[in-house]
Structure formats: structure tokens, C-alpha cells
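Notes follow the structure.
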Amino acid sequence: MDLSVKLGGLYLNNPVIAASGTFGYGLEYHSFVDLNALGGFSTKGLSLKPKSGNPVPRVIETSSGMLNSIGLENIGLEVFLSEKLPRLKNFDTRIIVNFFGDTTREYVEMARALSNVERLDALEMNVSCPNVENGGLQFSSAPEVLAEVVSAVRKATGKFLIVKLSPNVTDITLFAKAAEDAGADALSVCNTFVGMSIDLKTRTPHLANETGGLSGPAIKPLALNLVRQTVRAVQIPVIGIGGIASGEDAVEFLLAGAKAVQIGTANFIDPASTLHVIEGIRRYCLANGVSKLSELKMRGE
């Protein structure tokens, strides 16, 4: 069974990637998961300087999902490079660094610094962040704003560049095309949906920040639809994300046109979810006479 995938210039042994924000820096899951068995993993989002994130409470379980308002807490670029990366060098899996900035300059600085690190296989831009130079509007708020920051990062790095799109827009295809035209090598679709939950006893929001990102099984049909729309709009590979918890879930995204998938919230339920998804994809292919993943397509396509 050949589950290998080629995302342009990025080769994966299989299509399953652990999603950013749910897999730490990879090392945290080493006791539960053979990292080399994964297609790859995306680190917790990194910034130039450490961030403490939002006040607690910042995670709440919801019907078929969870809301989080972590606020991009992370150890910062310097600590990652000096303390985490040396311990990851012995693994063969693909290492993708998710990164962000408050300004275009910070995105560029991050991309330039990460470009000099040979062991890193790809960069993933989180563009669902406020642009402090533009009144706090997110970089994902308008196609032209997105194109500007992606273009600047593209000029700063030769690494394989993935742009993680926000679903909280009117038409995701406009943003997908903008990122593609600006030089993205692939797109990950999609980030979390904005939501909130209220405590009926206290009559206050469960999250200190009031709103957070909704993820988990509840968003799967929404994410699947956005992946399908995006695949039809661009020529570059699309990585599907959103509520994937089984091999069957992953196969739906692959049939919708995604070339790979990311597993997020399911990692909190079962640390070995990524391995179960890989095995589930393999079982589906064997049961349906699919000898290599590139043959897996929607009927009629």
C-alpha cells in the first residue's frame, strides 16, 4: 500500500500531519506516538519573542467540539531553536514550523531566521492574527492584505511555504487565490471558526476572552465544504483540516481534493489519533482496491 504524497516540493510518507497547536513541539507526544510513522507535524505557532497568551479560562468543551482562546502562547523562536529543535533532529518525519507575527516585518524576520535551519522541511503561516500596523485587522481580513504579507514572506524564504487560511471570511476562494498568486506553495484549510459559550450559572462567557476558536467534529462538514471550494479555485496543493478523527473522516477530505490532512482536536482525546487515522486510511484503500493514494478520487473525476 503506497500512502506517500507529494505536495509540490514536499514529500510525505503518508498524508497525515499533526496540526499546529495540538501537538506541542512534537516532543510532548513522543511517548505516545512514533513520530517517524507520521507524514509530519506542525509545531505550536511560534513568534519572535515568547508570548504568555490570553488569561484563563481559555478552553471549554462544547457539543461535539471545543472552544479555545489560548492566544498563541509559545516559547519564542530562540528557545525553540536552542532547546527543542536539537532534540528533533534525530527524527525522520517532516517538521513544519507554524509561525506568525504582529507586523509584516515580524513575519519576514521569522521566515528569514527559519530559512537558515536546514532540518526544517516547511513553514506554515498563521495569518489569523491582528496586524498592529493596520488598526488590528487580521492579515486574513482582506485578500490584498493577505497577498502583501505572503509576498513579503515568499521573498524572504526558499522553504516550502504553506498558508493556513481562516474560515471566517465571506469567500475563502478569494483568499486562496491571493495566497497562491503571492507565492504560497500549498494551503491548509481551515483554521478554527469563531464561537462563544455562556455559563448559565454565572451568566458570563465561559472564556475570559469571550470568544474563541471552535474546532472538533462539529466543524467537519463546514471545513470539508471549504476544502472542496478551495481545491476548485487553485492549482497548488490543499491540506484539509477540521474535525478529522478517523480514517473515514480523512478519506472524505482526500476525496474532496485535499492532498493531505491535519489532525487537531482529536489529539486531545487520544494522543495516538494520528496513527489510528493512518491505519484507517490504509484499511479503506485495501477494502476498496486502491493500491496507491494518488488513485483515490471522487467518482466521476
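Assorted remarks:
- Subset of segment 36-46 [touching a Leu at 6+ places or on another chain (Cβ under 8 Å), crowded, with 21+ Cβ neighbours inside 10 Å and not in a loop (DSSP other than H, G, I, E, B)]: Gly40, Phe41, Leu46
Yes/no matrix, rows are residues, columns are (1) out of contact with any Cys (no Cβ under 9 Å at 6 or more places or on another chain); (2) surrounded by fewer than 20 Cβ atoms within 10 Å (Cβ to Cβ); (3) over 21 Å from Asn98 (Cβ atoms); (4) not acidic (Asp, Glu):
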position: Gly212; (1), (2), (3), (4): yes, no, no, yes
position: Pro217; (1), (2), (3), (4): yes, yes, yes, yes
position: Gly240; (1), (2), (3), (4): no, no, no, yes
position: Leu254; (1), (2), (3), (4): yes, no, yes, yes
position: Asn267; (1), (2), (3), (4): yes, no, no, yes
position: Ala272; (1), (2), (3), (4): yes, yes, yes, yes
position: Tyr284; (1), (2), (3), (4): yes, yes, yes, yes
position: Gly289; (1), (2), (3), (4): yes, yes, yes, yes
position: Gly300; (1), (2), (3), (4): yes, yes, yes, yes
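- Residues in segment 128-144 that are modelled with pLDDT under 95 and not polar (S, T, N, Q): Cys129, Pro130, Val132, Glu133, Gly135, Gly136, Leu137, Phe139, Ala142.
- Among residues of segment 117-130 that are over 12 Å from Ser188 (Cα atoms), those with a beta-carbon under 9 Å from a residue that is charged (D, E, K, R) and assigned to a strand (DSSP E or B) at least six positions away or on a different chain give the pairs Asp121/Arg94; Ala122/Arg94; Ser128/Lys164.
- Failed condition for Ala233, given (1) closer than 24 Å to Ser140 by Cα; (2) of a type in the set (A, V, I, L, M, F, W, C); (3) under 18 Å from the mean Cα position of the chain (by Cα): (3)
- Any hit, segment 58-77, residues being among the β-branched types (Val, Ile, Thr), loosely packed, with under 15 Cβ neighbours inside 10 Å and at negative phi: yes
- For Phe41, the stated conditions hold: it is under 22 Å from Asp249 (Cα atoms) and in contact with a Lys or Arg (Cβ under 8 Å, 6 or more places away or on another chain).
- Any hit, segment 85-96, residues being outside any strand (DSSP E or B), among the basic types (Lys, Arg), crowded, with 18+ Cβ neighbours inside 10 Å and touching a residue at least 12 places away in the same chain (Cβ under 8 Å): no
- Any hit, segment 118-137, residues being in contact with a helix residue (DSSP H, G or I) (Cβ under 8 Å, 6 or more places away or on another chain) and among the hydroxyl-bearing types (Ser, Thr, Tyr): no
The values are calculated or read from the model by the stated rules, or taken from the named source; none is laboratory data. All values derive from a computational prediction rather than experimental measurement. Virtual Cβ from ideal backbone geometry, glycine too; neighbours counted across all protein chains shown.
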